[in-house]
Amino acid sequence: NCSASLRRVVGRKPLLQRVFDFNVPVLLRKGHFSPEEFDRLSKYRTPYGWKGMNMSDVEDAVDMLSHPECREMFTHRLQDGGGGGGGGRDAEKCVRCAVVGNGGILNGSMMGEEIDSHDYVFRVNGAITAGFERDVGNRTSFYFFSTNTMKNSMRAYRKFGIVHPPWSK
């Protein structure tokens, strides 16, 4: 039972019910993007808008987020008994996430299988998995980085086989 789920907590608090709208998608997808929406959000800097950005670049990024594997995150996948990709888990189960850095603290931990057993695996910075699967797993649901981190990681970790951000098949 996931008594601490956001939906459950919001359901118990009238104030939160007024400010949370679970029908608003967290990730922008192709169906939400239009020239009018681009113009509206071009007044605001990132992460709140697209000020100074090229419309075709934003449209390309939105296209990438519209792939089926990206749609699974933040949907009602746990409420459909698994048909939406939830692996048969029911709505009462918590969504379990693992957040994995690249500081080396997991070296020798043998936690790879445990990490991969989570619903989502978030990785940051270098995120080297090849050769360290027994310790850090090999699944990647989301990869986070800054422009500097990405450039530095690609340069510093090329010798470990890093040629692109990690992703799962």
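The values are calculated or read from the model by the stated rules, or taken from the named source; none is laboratory data. Every value quoted in this text rests on a predicted model; they were computed, and no experiment measured them. Cβ: placed from backbone, ideal geometry, glycine included. Neighbour counts: every protein chain shown.
A quick yes/no check of all residues on (1) basic (K, R); (2) at pLDDT 85 or above; (3) surrounded by 15 or more Cβ atoms within 10 Å (Cβ to Cβ):
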position	(1), (2), (3)
K51	yes, yes, no
S56	no, yes, no
V62	no, no, yes
P68	no, no, no
R71	yes, no, yes
F74	no, no, no
G81	no, no, no
G88	no, no, no
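Within the stretch 112-124, take every residue that is in a loop (DSSP other than H, G, I, E, B) and surrounded by fewer than 18 Cβ atoms within 10 Å (Cβ to Cβ) and give me the one that is nearest to the chain's Cα centre (by Cα).
Kept after step one, since they are in a loop (DSSP other than H, G, I, E, B), are these residues of the stretch 112-124: 117-119.
Restricting the remaining residues to those that are surrounded by fewer than 18 Cβ atoms within 10 Å (Cβ to Cβ) gives 117-118.
On the way: S117: 16, H118: 13 Å.
Top of the filtered list is H118.
In the stretch 125-150, what count of residues is obtained for those that are on the phi < 0 side of the Ramachandran plot, surrounded by 13 or more Cβ atoms within 10 Å (Cβ to Cβ) and in contact with a helix residue (DSSP H, G or I) (Cβ under 8 Å, 6 or more places away or on another chain)?
Qualifying residue count for the region: 11.
What about K93, is it out of contact with any Phe, Trp or Tyr (no Cβ under 8 Å at 6 or more places or on another chain), part of a loop (DSSP other than H, G, I, E, B), modelled with pLDDT of 85 or more and charged (D, E, K, R)? So that I can check it myself, show each step before the final result.
Values: out of contact with any Phe, Trp or Tyr (no Cβ under 8 Å at 6 or more places or on another chain): yes; part of a loop (DSSP other than H, G, I, E, B): yes; modelled with pLDDT of 85 or more: no; charged (D, E, K, R): yes.
Judged against the criteria, K93 is not a match.
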